[in-house]
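Visitor: Please find one structure pasted underneath; my questions will follow.
The values are calculated or read from the model by the stated rules, or taken from the named source; none is laboratory data. Computed from a predicted model, the values in this text were never measured in an experiment. Glycine gets a Cβ as well: all are built from the backbone with ideal geometry, and neighbour counts include every protein chain shown. Only protein heavy atoms, including side chains, enter the accessible area calculation; ligands, DNA and RNA are left aside. Shrake-Rupley method; radii C 1.70, N 1.55, O 1.52, S 1.80 Å.
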Amino acid sequence: MKKIITILSLILLTQCIFPQEPEEKKIETLIDEILKKIENYYSSEEIIPEQQIQKQKEMQRQLERIKKQLELLQKQKEFMDAEKFQEEIQKIQKEAIEIQKKSEELLEILKEKQLFPISPTFRFKGDTEIGENDFIEGDVVVEDGDLIIYGRINGNILVKNGDVIIKNGAEVTGNIYTTNGEIKISEKAEFTGQRYENFSPLAEIDRITSYNRKKHRTEIRYRQFYEEQPGVDNFYFEFERVSGFKIGVMFPRKYTSIIYRPISMYGYGGYATKLHRWIFSFGIDRALIDVSESLSKSFLLIFGGRVFSTIGTKDDWLISPNANTISALIWNNDYRDYFKHEGFDIYFDIYIQNDFLPDVQNFKINYSNANYGSETTKYIRYFKWNEKRPFRDNPAVYEGNLKSLSLSYRTGKFKLVEGFKKSGFGMFINFERELGKFNYNILIVEFRARLNLSNYDNFGLRFRVASSDKVLPKQKSFELGGFGTLYAFPYKSFEGNKMMLANIEYILKNPVDIFDFVNFFIFFDAGYVQTAEGKITSGFKIKNINEIKSDFGFGFGTESMKTRIYFAWRTDAKMPPIIVVRLSNPF
């Protein structure tokens with residue numbers, strides 16, 4: 001509306017300076033249009049909540065004054081002669097300025113009293129849960145996530161891009177507003193207030209600014225499945241000891257692209273400075289079925305494929321590419337191993353969400369045909385201060401073709417965030433069968449959980465099991481030790497085709513007041529690796545407790561816990577602690 005009135009003033013001013021023959025007709029038409037838009041925009045049913053009667057009447061009175069002024073201008077045109085035309089135009093200009101001022105006042109009232117109907121005492125980001133024993137006194141705002149209430153809230157609630165779910169036994173005293181989500185109240189919950197689902201003033205502002213809240217909510221829904229890409233935005237950048245610097249452009253795979261377009265493309269292309277070759281990965285997705293009954297019920301079936309000629313790694317689960325780039329550049333610690341990787345994939349990607357499965361569930365069937373080759377370490381050191389710390393040698397891999405068919409399942413949308421208001425679990429299952437001469441089967445199962453104990457402490461667990469019925473080529477084998485697994489042991493010191501790993505941590509937020517930005521944590525890791533052919537479920541009989549390798553320690557981290565320093569001790573030997581710096585969450 002503000003834009004409309006501003007444009008009106010500019011038009012009237014232009015007409016004042018450059019009067020033309022059909023001026024009267026233009027102004028009359030413009031006045032009619034503005035009157036109509038004002039009535040539509042400032043509709044009392046559309047903007048003002050029912051309980052604010054007095055504010056509604058005041059805004060209606062101001063609206064009537066504006067309408068009368070415009071109608072008066074329209075009537076004045078009937079009595080103007082040619083000599084007084086310019087004079088009347090000046091009056092119209094002054095009236096337009098006055099109308100603009102009054103409309104701005106109305107917009108300010110709308111912004112302060114209506115668009116943001118509550119003054120938040122508590123703010124949360126992402127999915128938020130109010131526990132059974134929690135009591136909140138004051139207004140609550142949640143952005144980009146669902147609010148699940150088991151306890152009590154005495155105040156108003158505003159959830160932006162999320163649902164409000166009030167469970168049995170919960171109590172809410174106040175109004176509930178959502179801007180892009182549903183309000184679900186259980187039968188045995190106590191609620192005294194009014195519901196404003198998809199609050200209309202924000203919807204009108206979205207229409208004017210062309211902001212698509214549904215698309216934004218969809219982005220949030222599928223963000224858990226996005227793989228972190230090396231670089232920033234569309235700039236592809238990575239450094240590692242085999243390729244050197246890899247620089248180029250990229251277009252990350254985003255599921256909102258395929259939802260709002262029939263076909264979506266993704267990938268990257270760049271140049272590897274030490275390999276002296278171009279690398280690329282190019283993929284295309286086609287949505288075959290897209291059924292979205294609501295923001296919480298959907299079914300999406302994607303058929304796609306990609307071709308690639310690049311440098312691959314099996315260590316994505318250990319560290320993100322950007323964190324590894326920083327570590328390799330500064331400390332000569334490259335925590336990934338690499339191989340030449342050329343070929344193509346063809347896949348079906350399925351995403352399901354409903355009332356029984358509130359989180360998005362992902363199933364993927366993938367056929368891969370790839371050629372592998374070994375690559376050697378090209379860098380000995382990078383910065384001068386690392387002359388005595390050369391890079392590790394890159395191990396050789398099986399060189400040849402591997403064809404495989406895999407089925408995977410993923411779920412879980414929790415992340416460790418500031419404030420620790422996050423509990424949940426995640427699961428990953430992958431079964432792969434090699435269709436060539438190796439004829440191996442691989443099963444990987446990973447379970448992750450976080451338990452929010454309070455606003456000040458958090459418990460985390462990851463349990464990973466991997467097994468194969470055959471001895472595996474190097475690029476498919478399972479390795480433990482060092483960064484990301486058993487911190488106190490040499491890096492990748494244990495290898496086999498059977499593996500179990502457990503990582504446990506307890507985080508205490510800001511234990512010392514003088515260091516508000518520092519968190520403290522303790523951790524324990526345990527792992528087992530064995531090589532044994534036979535059934536995929538066999539090979540996990542532990543004959544001696546010493547076969548399980550473990551470590552423990554403590555550390556410090558930033559507010560987000562993405563930057564950490566570990567002090568780790570082995571439990572099987574008396575040795576000095578191993579100090580490890582990590583620039584990303586471990587799980």
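Visitor: Of all residues in the range 440-462 being among the polar types (S, T, N, Q) and closer than 16 Å to residue 559 by Cα, which is most open to solvent (accessible area, probe 1.4 Å)?
Guide: Within the range 440-462, the match that is most open to solvent (accessible area, probe 1.4 Å) is 455.
Visitor: Return the residues of the range 463-483 that are surrounded by fewer than 19 Cβ atoms within 10 Å (Cβ to Cβ) and outside any strand (DSSP E or B); say none if nothing qualifies.
Guide: 470, 471, 473, 474
Visitor: Mind checking which residues of the range 294-328 are in a helix (DSSP H, G or I) and open to solvent by 30 Å² or more (accessible area, probe 1.4 Å)?
Guide: Hits for the range 294-328 are 322, 326.
Visitor: I'm told residue 352 meets every condition in (1) more than 23 Å from residue 583 (Cβ to Cβ); (2) open to solvent by 50 Å² or more (accessible area, probe 1.4 Å) except one. Can you identify the failing condition by its number?
Guide: All conditions pass for residue 352, except number (2).
Visitor: I've got another one for you. Do you know which residues across the range 275-293 are part of a strand (DSSP E or B) and aliphatic (A, V, I, L, M)?
Guide: Of everything in the range 275-293, those that are part of a strand (DSSP E or B) and aliphatic (A, V, I, L, M) turn out to be 279, 284, 287, 288, 289, 291.
Visitor: For the range 168-216: of the residues being at pLDDT below 80 and among the acidic types (Asp, Glu), which is surrounded by the fewest Cβ atoms within 10 Å (Cβ to Cβ)?
Guide: Looking at the filtered set, the residue picked out is 206.
Visitor: I would also like to ask the following. Only one residue in 311, 326 is under 28 Å from residue 480 (Cβ atoms) and out of contact with any Ser or Thr (no Cβ under 7 Å at 6 or more places or on another chain). Which one?
Guide: None of the other options fit; the residue is 326.
Visitor: Return the residue satisfying two criteria in turn: it lies in the range 278-315 and is at pLDDT below 90 and in contact with a helix residue (DSSP H, G or I) (Cβ under 6 Å, 6 or more places away or on another chain), and of such residues it is nearest to residue 227 (Cα to Cα).
Guide: 287
Visitor: Of all residues in the range 357-378, which are more than 24 Å from the chain's Cα centre (by Cα), charged (D, E, K, R) and open to solvent by less than 70 Å² (accessible area, probe 1.4 Å)?
Guide: Result: 375, single match.
Visitor: Sticking with this one: All but one of (1) farther than 30 Å from residue 455 by Cβ; (2) surrounded by 20 or more Cβ atoms within 10 Å (Cβ to Cβ); (3) in contact with a Gly (Cβ under 8 Å, 6 or more places away or on another chain) hold for residue 496; state the number of the condition that does not hold.
Guide: Here residue 496 meets the rest and fails (3).
Visitor: Among the residues of the range 128-151, what is the count of those that are surrounded by 19 or more Cβ atoms within 10 Å (Cβ to Cβ) and more than 14 Å from residue 178 (Cα to Cα)?
Guide: Of the residues in that region, 4 qualify.
Visitor: I'd like to know if the range 330-338 contains one or more residues that are open to solvent by 50 Å² or more (accessible area, probe 1.4 Å), in the same structural domain as residue 373 (by the TED database) and modelled with pLDDT of 90 or more.
Guide: No, the range 330-338 has no match at all.
Visitor: I would also like to ask the following. Can you confirm whether residue 520 is open to solvent by less than 70 Å² (accessible area, probe 1.4 Å), over 18 Å from residue 490 (Cα atoms) and either assigned to a strand (DSSP E or B) or in contact with a helix residue (DSSP H, G or I) (Cβ under 9 Å, 6 or more places away or on another chain) (or both)?
Guide: Judged against the criteria, residue 520 is a match.
Visitor: Determine whether the range 489-511 contains at least one residue that is assigned to a loop (DSSP other than H, G, I, E, B), aliphatic (A, V, I, L, M) and in contact with a strand residue (DSSP E or B) (Cβ under 9 Å, 6 or more places away or on another chain).
Guide: Within the range 489-511, none of the residues are assigned to a loop (DSSP other than H, G, I, E, B), aliphatic (A, V, I, L, M) and in contact with a strand residue (DSSP E or B) (Cβ under 9 Å, 6 or more places away or on another chain).
Visitor: Show the residue pairs that are 6+ apart or on different chains and have beta-carbon atoms under 7 Å apart, the first residue being within the range 238-267 and surrounded by 15 or more Cβ atoms within 10 Å (Cβ to Cβ), the second being β-branched (Val, Ile, Thr) and modelled with pLDDT under 90.
Guide: From residues that are surrounded by 15 or more Cβ atoms within 10 Å (Cβ to Cβ), the pairs are 241/377; 242/377; 256/218; 259/218; 264/258.
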